[in-house]
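A.B. asks: The structure is given below, and queries will be raised subsequently.
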Amino acid sequence: MVVTATIANWRVHKILIDQGSSIDMLYWLTFLKLNVPESAIQAYSEPLLSFAGQKVRSRGFVDLLTTFGIGQSYRTLMVRYILVDADTSYNVLIGRRTLNQLGAIVSTPHMAMKFSASNEMMITVKADPKEARQCYI
């Protein structure tokens, strides 16, 4: 499922919601476009396994405010992103860590993700099929 969210005050498209991933990943080229100072990067030395089972080195991690939803239906939280320099059609990968923090229920048949806001209002973030198609081209 591919969604859009706001990361570090920038609207970021092509965010893959991956319930099978244990980490949240921000790809290096996307990080550079966010205008976050490189001094915000902290060391991270654990090797990562890619989708193909190969080890991938990270460039560290960064904690960034991330907002899911729009208008008055949104929720903002601090997300720890592992920075990876890899060639991919996605800009960000959101894994179980953030999905659990949101208390999100992801429904791939409905192409939507639901979670509650701080005021107990339910928020629905719908997948963007147009963006998803661009990722697979």
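A.B. asks: Given an 8 Å cut-off on Cα distances and at least 6 residues of separation, report the relative contact order of the chain as a percent.
C.D. replies: Over the chain, the number comes to 32 percent.
A.B. asks: Using unit Cβ charges (K, R positive; D, E negative) and no other charged atoms, how large, in debye to the nearest 20, is the dipole of the chain about its Cα centre?
C.D. replies: About 180 debye.
A.B. asks: Please state, as a whole number in µm²/s, the translational diffusion coefficient that the Stokes-Einstein equation yields for the chain at 4 °C and 1.567 mPa s, with Rh defined as the Kirkwood radius across alpha carbon pairs.
C.D. replies: Stokes-Einstein gives a translational diffusion coefficient of 85 µm²/s.
A.B. asks: P(r) tail for the range 1-62, what percent of Cα pairs lie past 18 Å?
C.D. replies: 43 percent
A.B. asks: Which residue, chosen from Ser89, Ala104, Pro129, occupies the Cα position most advanced towards the positive end of the dipole of the chain, where the dipole is computed from +1 (Lys, Arg) and -1 (Asp, Glu) charges on Cβ about the Cα centre?
C.D. replies: The one lying farthest along the dipole's positive direction is Pro129.
A.B. asks: For labels at Ala117 and Gln19 in the simple 7 Å Cα→Cβ model, what's the distance in nm?
C.D. replies: My value for the distance between the label points is 2.5 nm.
A.B. asks: Length gain on complete extension for the stretch Tyr74 to Asn9, per 0.36 nm per residue less the alpha carbon to alpha carbon distance?
C.D. replies: Additional length available on full extension: 22.0 nm.
A.B. asks: First measure r as the distance between the Cβ atoms of Ser45 and Thr124, then evaluate 1/(1 + (r/R0)^6) with R0 = 35 Å and state the FRET efficiency to the nearest 0.05.
C.D. replies: Computed FRET efficiency for Ser45 and Thr124 comes out at 0.35.
Every read-out reported here was derived from the displayed coordinates using simple, explicitly stated rules and does not represent laboratory data. In this text the structure is predicted, and so the values were computed from the model without any measurement. All Cβ positions, even for glycine, are placed from backbone atoms using ideal geometry, and neighbour counts span all protein chains on display.
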